[in-house]
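One structure is given below, encoded as structure tokens.
Here, each number is a calculation from the coordinates, and none is a lab measurement. As the structure is a computational prediction, the values presented were derived from the model and not from experiment. Every residue, glycine among them, receives a Cβ derived from its backbone with ideal geometry; neighbour counts consider all protein chains shown.
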Amino acid sequence: MIDLKRLRHLTALVQHGNFHRAAEALHLTQPALTRSIQALEAHVGAPLLTRHRTGVEPTELGRLLLRHA
């Protein structure tokens with residue numbers, strides 16, 4: 001079962017576009033948010049985000065998961 005807290009973290013990350021702003025909005029540290037997203041990706045067995053220097057964007061699987069979240 002997927003942890004709803006981690007889905008909220010993924011949603012915030014996609015909405016804010018980068019780890020720093022999403023972590024601030026969620027009142028988390030960046031490392032804590034990173035670990036949460038990594039755990040979610042490990043659970044589903046695939047990357048949910050494409051990471052760029054300018055931010056992040058969801059992969060196809062990430063978009064699918066967000067649509068059903």
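Over the chain, calculate the relative contact order: mean separation of alpha carbon pairs under 8 Å at least 6 apart, over the residue count, as a percent. Here the relative contact order equals 31 percent. Net charge dipole, the chain: roughly 80 debye, given to the nearest 20, about the Cα centre with Cβ charges of +1 for Lys and Arg and -1 for Asp and Glu.
Couplings 3J(HN,Hα) for region 28-38, derived from phi with the Karplus relation 6.51 cos²θ - 1.76 cosθ + 1.60 (θ = phi - 60°), are 10, 7, 4, x, 5, 5, 4, 4, 4, 5, 4 Hz, where x marks Gly and Pro. Sites listed here are trypsin sites (Lys or Arg not before Pro) in the chain whose DSSP assignment is loop and whose Cβ has at most 16 other Cβ atoms within 10 Å: Arg53. The Cα center of region 48-69 and the Cα center of region 1-42 differ in position by 11 Å.
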